[in-house]
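Asks: So that we are looking at the same thing, I have put the structure below in structure tokens.
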Amino acid sequence: MISQFFVLSQRGDNIVFRDYRGEVAKGSAEIFFRKVKFWKEDEAEEAPPVFNVDGVNYIHVKVAGLFFVATSRVNMPPSLVLELLQRIARVTKDYLGVLNEDSIRKNFVLVYELLDEVIDFGYPQTTSTEVLKSYVFNEPIVVDAGRLPPLGPAAIFMQGTKRMPGTAVTKSVVATEPGGKKREEIFVDIIEKISVTFSSSGYILTSEIDGTIQMKSYLTGNPEIRLALNEDLSIGRNGSSLYDYRSSSGSGTVILDDCNFHESVHLESFDVDRTLSLIPPDGEFAVMNYRMTQEFKPPFRVTALIEEAGSSRAEVILKIRADFSPNVTANTITVQMPVPSYTMRASFELEAGATGQTTDFKEGSRRLEWNLKKIVGGAEHTLRAKLTFSQEIHGNIAKEAGPVNMNFTIPMYNASKLQVRYLQIAKKSKTYNPYRWVRYVTQANSYVARL
């Protein structure tokens with residue numbers, strides 16, 4: 001049972017506010033933002049998704065730079081509320097096309113209408129875009145895509161030699177286009193978040209992939225779709241899964257530990273030829289979620305070394321090697337390394353000719369930060385840092401530093417080798433040939449190198 005729901009900008013401005021039960025003071029949004037902005041408890045840098053202030057539970061998620069927050073005075077399952085907030089954000093994006101402060105402010109009447117249907121007197125009702133179409137009648141005001149921030153390589157959809165900017169999926173699922181025609185197209189994203197832990201000598205200790213196949217359909221009439229995956233795909237470490245989806249070719253080259261499917265997916269032919277058939281609902285949804293712990297080649301090799309350079313000094317060497325094709329480029333790479341708590345300052349030395357790289361020493365959290373705009377496949381980059389301490393070194397300094405954490409995004413690359421062989425759409429007529437776009441994106445979930 002939710003007492004309030006509100007959306008805040010990064011500055012703390014109240015964009016949307018709905019009080020369902022009148023149980024919580026009106027200043028709750030300001031209390032929440034101050035608490036999150038200046039969080040100092042538990043020695044954590046960021047506020048947890050759930051916390052309590054003066055008997056009020058604050059539950060929040062951050063989506064597209066916006067805080068989606070729910071408050072309650074009663075104990076509620078946190079996972080339920082967090083999932084509800086994520087779904088509200090997703091439904092809002094489905095209707096507005098793009099989710100940001102500007103689009104919400106321009107469409108506040110539509111957003112409030114959605115909220116009134118999604119939550120009634122604090123109780124969730126429905127978060128299905130398809131169901132809400134029958135109850136929500138306001139048309140969205142489309143935000144000009146040209147006003148959006150420029151998109152990097154990760155926002156490029158590809159199909160053979162064609163390219164389409166990521167703004168192609170910033171359309172509303174309900175808005176009509178100029179001329180009254182609707183462009184027939186469908187988008188499929190294979191998004192993988194990988195977790196890898198390297199030992200101090202560079203060996204892989206643990207590796208895991210959490211993946212999802214996301215789909216967003218702009219097809220009129222909801223035709224049946226057939227999505228074909230690798231024929232040699234196996235589910236379950238012994239070639240079969242808990243659901244007994246047996247591989248037609250024994251132990252395949254791609255072995256998933258487990259998976260689950262959207263309720264609209266039919267699995268009649270999945271055992272035979274690894275084909276999923278479905279009638280896609282409106283909006284964005286996950287066709288399939290999967291997990292894989294089979295050995296795979298990590299996209300980056302990370303090595304870190306810290307050595308004493310005197311009684312109160314040390315030198316750090318960080319190396320990154322991109323182990324993927326030169327045709328692929330990773331972007332928005334961030335490398336962080338905690339250093340001893342008595343570190344006073346740090347000076348950095350980048351390799352000769354380095355461009356698009358920045359370094360910083362975060363004094364508050366005692367952490368080195370290395371940002372790289374992009375890394376081309378096959379490239380190797382090195383950073384040297386000299387640390388100055390406020391006291392003499394005692395014991396093994398490597399135990400007081402690290403581990404190294406890395407974040408990145410690699411468009412048009414997937415570590416699991418899971419592929420979409422084809423995307424077939426039931427034809428309404430001989431001339432019916434909608435656009436099909438497939439994108440692969442790999443992101444770091446937990447990419448760690450020990451010292």
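The values are calculated or read from the model by the stated rules, or taken from the named source; none is laboratory data. If you're wondering where the values come from, they're calculated on a predicted model, not measured in any experiment. Please note: Cβ atoms are built from the backbone with ideal geometry, for glycine as well, and neighbour counts cover all protein chains shown. The area values use the complete protein model at the heavy-atom level, side chains included, leaving out ligands, DNA and RNA. Shrake-Rupley method; radii C 1.70, N 1.55, O 1.52, S 1.80 Å.
Asks: Please report, in whole Å³, the volume per residue of the convex hull around the C-alpha atoms of the chain.
Replies: Looking at the chain, the number lands at 180 Å³ per residue.
Asks: Restricting the calculation to Cα positions, tell me the Rg (one decimal) and the Dmax (whole number) of segment 23-90 in Å.
Replies: 11.7, 32
Asks: With the cut-off at 24 Å, tell me which of the pairs K40/K362; K37/K106; K26/K62; K297/K374; K133/K430 have Cα atoms farther apart than that.
Replies: Details: K40/K362 16 Å; K37/K106 26 Å; K26/K62 21 Å; K297/K374 20 Å; K133/K430 30 Å.
As for pairs spanning more than 24 Å Cα to Cα, those are K37/K106; K133/K430.
Asks: Let me ask something else about it. Once the whole set of protein chains is in place, how much accessible area is left on L451, using a 1.4 Å probe, in Å² to the nearest 10?
Replies: Estimated to the nearest 10 Å², L451 gives 50 Å².
Asks: Another question about this same structure. Tell me which residues come under 5 Å, amide H to amide H, from G378 once H is placed; ignore anything under 5 positions away on its chain.
Replies: A322, D323, F324
Asks: Compute the distance from the alpha-carbon center of segment 374-389 to that of segment 7-41, in whole Å.
Replies: Using only Cα atoms to place each centre, the spacing works out to 40 Å.
Asks: Fully extended, how many nm does the chain gain between S269 and A426 (0.36 nm per residue separation, minus their Cα-Cα distance)?
Replies: Details: separation 157, 0.36 × 157 = 56.52 nm, distance 1.61 nm.
Length gained, S269 through A426: 54.9 nm.
Asks: Something else about it: Tell me the mean residue ellipticity at 222 nm calculated for the chain from its helices only (DSSP H runs of n ≥ 4, each -39500 (n - 2.57), averaged over every residue, nearest 500).
Replies: Counting only the DSSP helices, I get -3500 deg cm²/dmol.
Asks: Need one number: nm distance between label points at W39 and Y342, each 7 Å from Cα along Cα→Cβ, rounded to one decimal.
Replies: Result for the modelled spin labels: 3.1 nm.
Asks: Determine how large the accessible area of R345 is when every protein chain is in place; take a 1.4 Å probe and give Å² rounded to the nearest 10.
Replies: Approximately 130 Å² of R345 is accessible to the 1.4 Å probe.
Asks: With charges set only on the Cβ (+1 for Lys and Arg, -1 for Asp and Glu), what does the dipole of segment 291-398 come to about its Cα centre, in debye to the nearest 20?
Replies: I would put it at about 320 debye.
Asks: Sort segment 56-116 into rounded, prolate or oblate with this rule: let a ≥ b ≥ c be the square roots of the eigenvalues of the Cα gyration tensor; rounded if a/c is under 1.5, and if a/c is not under 1.5, prolate when a/b is larger than b/c, oblate otherwise.
Replies: Cα axes put segment 56-116 in the prolate bin.
Asks: Could I ask something else about it? Which three extents, in whole angstrom, do the alpha-carbon atoms of segment 354-451 cover along their principal axes, largest first?
Replies: 79, 28, 27
Asks: Here is a further query. Give the aspartates and glutamates reachable from K386 as a straight Cα distance under 17 Å; neighbours fewer than 8 places away on the same chain don't count.
Replies: Reachable aspartates and glutamates: E307, E308, E315, E349, E351, D360, E363, E369, E400.
Asks: Can you give me the C-alpha center-to-center distance between segment 62-93 and segment 279-353, rounded to a whole angstrom?
Replies: So the separation of the two Cα centres works out to 30 Å.
Asks: What is the distance, in nm, between label points placed 7 Å from the Cα along the Cα-to-Cβ direction at K399 and at F121?
Replies: Output for this residue pair reads 6.1 nm.
Asks: Let me ask another. For segment 1-114, state the average projected area of the convex hull of the C-alpha atoms over all orientations, rounded to one decimal in nm².
Replies: Hull-based average projected area comes out at 6.9 nm².
Asks: Can you give the accessible area of F285 in Å² (nearest 10), computed on protein heavy atoms with a 1.4 Å probe?
Replies: Per-residue accessible area (F285): approximately 10 Å².
Asks: Next question, about the same structure. Across bins of 10 angstrom width beginning at 0, how are the C-alpha pair distances of segment 302-347 distributed, in whole percent?
Replies: 17, 44, 23, 14, 2
Asks: Quick check: convex hull of the Cα atoms in segment 263-371, volume per residue, rounded to a whole Å³?
Replies: Working: hull volume 24.5 nm³, N = 109.
It is 225 Å³ per residue.
Asks: If each of S128 and L80 carries a label point 7 Å out from its Cα toward its Cβ, how far apart are those two points in nm?
Replies: So the two model labels end up 2.0 nm from each other.
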